[in-house]
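Only the coordinates and a few stated rules stand behind these numbers; no lab work does. Being a predicted model, the structure only gives us computed values, none of them experimental. Ideal geometry is used to build each Cβ from the backbone, glycine not excepted, and the neighbour counts take in all protein chains shown.
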Amino acid sequence: MIRKLQQGLKLEMPHSRPMPSIGRRCHELRINDATQTWRLIYRTDPDAVLVLALFSKKTSKTPERMIDQAKRLLREFDAN
């Protein structure tokens, strides 16, 4: 899935959902393996895919600490 993002393809549900509460162009990628459900929060920029958080999702709600982490990393990245 990340390779598709790097190639400039836009992923939609059920693979990826927008996360406007984190920022513009931010999404949550949904990855299922044999034992867990993973979520990867990312932002697409014209020249990069920024991976902001990766976690095992156990509930329907994204953990607030992951949202806060993603927002903090974006602020730091955009400040430089």
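Taking region 11-23 as the search range and keeping residues that are more than 15 Å from MET66 (Cα to Cα) and touching a residue at least 12 places away in the same chain (Cβ under 8 Å), which one is surrounded by the fewest Cβ atoms within 10 Å (Cβ to Cβ)?
The residue in question is PRO14.
Quick one: what pairs do we get from region 61-76, first residue buried (at least 17 other Cβ atoms within 10 Å of the Cβ), second of a type in the set (S, T, N, Q) and outside any helix (DSSP H, G or I), C-beta under 8 Å, 6+ apart or different chains?
As it stands, the answer is ILE67/SER21, since those pairs meet every condition given.
Considering only strands (runs of 3 or more DSSP E) fully contained in region 1-62, which possess at least 2 residues that are of a type in the set (A, V, I, L, M) and closer than 18 Å to LEU74 by Cα?
Details: elements: 16-18, 26-32, 37-45, 48-56.
Per the criteria, 37-45, 48-56.
Please list, ordered by first then second residue, the pairs with beta carbon atoms under 8 Å, 6 or more apart or interchain, first in region 37-54 and without any contact (Cβ under 8 Å) to a residue 60 or more places away in the chain and under 13 Å from ILE67 (Cβ atoms), second of a type in the set (S, T, N, Q) and surrounded by fewer than 13 Cβ atoms within 10 Å (Cβ to Cβ).
Taking only residues 6 or more apart or on different chains, the pairs are ARG39/SER56.
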